[in-house]
Amino acid sequence: MATTTRPVGPFPRPRAPERAPDTASAVEGRADRVDGWRDLLREHFVALDVHAEGGPFDGAVRSDLVGHLAVATVDSTDQDCVRTPGLARRDPDAYLQVGLVARGRAVLRQDGREALLGPGAWAIYETGRPFAWRLRGPWRLLVLTWPRELVGLDGGTSRAATARALGGDRLGGIVGRTLAEVVAAPPGLSPAGGARLATELADLVGTVAGEALRRDELPGTRGAAELRARVEAFVAEHLEDPELGPDTIARAHFVSTRQLHRAFADAGTTVGRLVRRRRLEHGRRELSDPCLADLSVTDVALRCGFADLAAFSRAFKDAFHEPPSTFRRRHGG
């Protein structure tokens with residue numbers, strides 16, 4: 001297994017290189033085991049949990065700098081890469097990243113949304129919050145990384161723009177091709193020229209994101225349906241949080257609690273019912289899973305966001321007409 005000895009990706013606060021980048025300045029690394037791959041990704045990007053399916057493993061990264069922008073080409077096999085809340089919390093540096101799929105298929109999840117990406121599609125994500133990539137291939141991902149404080153995109157727009165498939169319209173396609181060309185062949189520029197190009201590329205990404213958000217601000221029932229879909233995904237990712245409720249969900253989606261309730265009233269339900277139903281469905285799956293037989297029913301209740309076993313048992317019996325312990329015995333969990 002060969003690995004790089006000098007990280008070139010988003011190591012703490014990347015700076016413009018002292019000389020103009022050229023092909024000789026690129027740093028490459030390769031790994032044939034998951035543990036080495038995890039280390040390699042941390043050197044070039046940020047700390048991630050990596051889960052790969054069985055079988056032969058191979059991965060390679062090639063990185064370079066254009067001003068304060070780190071550009072990289074990543075090739076590997078089927079895997080999930082997860083930035084957990086703990087990893088994000090422990091990292092003092094935050095970055096805005098663009099992932100552009102050049103080969104294979106990918107799913108990016110962040111901020112309660114999910115983007116399905118094929119070749120040519122790209123999406124924005126931020127390392128200061130949890131995110132997850134599901135990559136199926138063999139795949140190639142082009143990654144561009146800016147220090148978050150050097151990107152003019154405001155926090156609200158950025159949070160609303162993450163994990164959205166971009167590149168499907170004319171503007172997104174033009175910007176996507178430009179990003180891909182910069183990654184493939186970083187231009188040899190002076191430090192000042194590299195910094196200007198890095199800033200201008202970030203501005204183009206922000207323009208595409210802003211236009212996409214404006215198109216998504218649809219009136220009437222379509223806008224409400226889109227909000228409900230985002231909330232459904234957010235709830236599924238945060239079931240263990242005992243504070244999950246209308247107020248926290250509304251804040252995460254930059255709408256008022258009243259707007260949130262109105263969107264669900266249009267569908268004849270409530271946010272509270274959604275959270276309760278998803279928690280109980282999750283609990284039922286865990287109780288019937290033989291791999292989780294060592295967990296007590298109390299453990300399952302807490303993993304589903306219930307405050308205690310009694311509350312979980314009452315809700316479970318109301319929904320499924322039998323106590324959770326009886327359900328587990330019947331289904332062999």
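Some points to look at:
- Rounded to 10°, Cα long-axis angle of helix 271-287 versus longest principal axis of the chain: 90
- Note on the chain: Kirkwood radius taken over Cα pairs, Stokes-Einstein applied at 37 °C and 0.692 mPa s, translational D equal to 151 µm² s⁻¹.
- The dipole here belongs to the chain: it is taken about the Cα centre, uses +1 on the Cβ of Lys and Arg and -1 on the Cβ of Asp and Glu, and is about 780 debye.
- For the pair V82 and A233, a Förster radius of 22 Å applied to the C-beta separation gives a FRET efficiency near 0.90, rounded to the nearest 0.05.
- Nearest-ten-degree value, helix 191-216 long axis tilted from longest Cα axis of the chain: 30
- Ranked by the mean number of other Cβ atoms within 10 Å of their residues, highest first, the peptides 155-165, 285-295 fall in the order 155-165, 285-295.
- Relative contact order (%) - the chain, alpha-carbon pairs under 8 angstrom, separation at least six: 14
- Look at where the Cα atoms of the range 107-162 and of the range 248-265 average out, and the two centres are 24 Å apart.
- Anisotropy class assigned to the range 268-333 is prolate, per the alpha carbon gyration tensor with a/c at or over the 1.5 cut-off and a/b larger than b/c.
- Here the gap between D241 and D93, fully extended at 0.36 nm per residue and compared with their Cα-Cα distance, gives a gain of 50.8 nm.
- The order of the peptides 39-48, 243-252, 192-201 by mean Cβ neighbours within 10 Å, most packed first, is 39-48, 192-201, 243-252.
- Taking the C-alpha atoms only, the angle from helix 34-44 to the longest principal axis of the chain is near 60 degrees.
- For peptides 167-180, 96-109, 254-267, sequence by mean Cβ density within 10 Å, most packed first: 96-109, 167-180, 254-267
- Each of T248, L295, A319 was scored by the projection of its Cα onto the charge dipole of the range 220-330, and the greatest displacement toward the positive side belongs to A319; charges sit on the C-beta of Lys, Arg, Asp and Glu.
- Size-normalised alpha-carbon gyration radius of the range 220-330, reference 2.2 N^0.38 Å: 1.16
- Residue-averaged [θ]222 nm for the chain, counting only DSSP H segments that reach four residues, each worth -39500 (n - 2.57): -13000 deg cm²/dmol
- Charged-residue dipole, Cβ positions (Lys, Arg, Asp, Glu), the range 23-216 about Cα centre, Debye nearest 20: 380
- Rel. contact order, % - alpha carbon contacts under 8 angstrom, at least six apart, the range 23-216: 22
- Three-way shape label, the range 23-216, alpha-carbon gyration tensor, a/c 1.5: rounded
Every number here is computed from the coordinates shown, using simple stated rules; none is lab data. What you are looking at is a predicted structure, and each value in this text was computed from that prediction instead of being measured. Backbone-built Cβ (ideal geometry, glycine too); neighbour counts: all protein chains shown.
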